[in-house]
Structure formats: C-alpha cells, structure tokens
Amino acid sequence: MGFFDDLLKSTNKMIEEMDSGSDKSRSQSFLEKFWNKRNELQDAKDSSYGKEKSILGKLLDSLNRTGKNNDMEPW
C-alpha cells in the first residue's frame with residue numbers, strides 16, 4: 001500500500017471510531033489525533049491533482065462532518 005491508500009484507510013478507521021461513540025473517541029488523545037489527521041488530509045489534498053484531489057477533498061469533508069456531529073472542535 002502506498003501513502004494515498006494508507007491515508008484513506010486510516011481516515012476511514014478514524015471516522016468509524018467517531019461514529020461508534022466509544023470512550024476512546026471522546027478522549028483528549030483522540031481529539032489530538034483527529035486534528036493531526038485533518039491537517040494531514042489537508043496537506044495531501046493541497047499537493048494532489050485530479051481524481052486523487054477530489055477523493056481527498058470528499059474524505060476531508062466527511063471527516064469534518066463526522067467530527068462536527070460528534071462534538072469535535074470545528075475546522
């Protein structure tokens with residue numbers, strides 16, 4: 001797997017964790033991981049083109065929407 005695939009997989013895993021409502025997803029360390037993941041996605045999107053940029057944009061939107069729905073600090 002390359003960087004792009006790893007990023008997609010790890011972001012989807014984080015979204016699933018937030019949706020689960022577990023105690024782990026409510027911790028300070030998870031919030032910090034959320035911020036880092038959001039920054040990582042934004043950086044990857046900014047340096048991508050075409051279909052990859054579109055996919056990363058949609059994933060970033062999904063992460064932010066899920067974060068907002070789960071009381072994570074907004075962007």
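Side notes on the structure shown:
- Subset of the range 49-70 [under 14 Å from residue 8 (Cα atoms) and among the polar types (S, T, N, Q)]: 54, 62
- Residues being part of a helix (DSSP H, G or I) and open to solvent by 60 Å² or more (accessible area, probe 1.4 Å) - total across the range 1-54: 24
- Count of residues meeting criterion [among the aromatic types (Phe, Trp, Tyr) and assigned to a helix (DSSP H, G or I)] in the range 55-75: 0
- A Cβ distance below 9 Å, combined with a sequence gap of six or more or placement on separate chains, defines the contacts here; from the range 1-29, residues that are in contact (Cβ under 8 Å) with a residue 24 or more places away in the chain reach residues that are among the acidic types (Asp, Glu) in the pairs 4/52; 7/40; 10/40; 11/40; 25/17; 25/19.
- Just one of (1) open to solvent by less than 100 Å² (accessible area, probe 1.4 Å); (2) over 9 Å from the mean Cα position of the chain (by Cα) fails for residue 65. It is (1).
The values are calculated or read from the model by the stated rules, or taken from the named source; none is laboratory data. Keep in mind it's a predicted model, so treat the numbers as computed, not measured. Note that we place each Cβ from the backbone using ideal geometry, even for glycine, and neighbour counts take in every protein chain shown. Heavy atoms of the whole protein, side chains included, go into the accessibility calculation; ligands, DNA and RNA do not. Shrake-Rupley method; radii C 1.70, N 1.55, O 1.52, S 1.80 Å.
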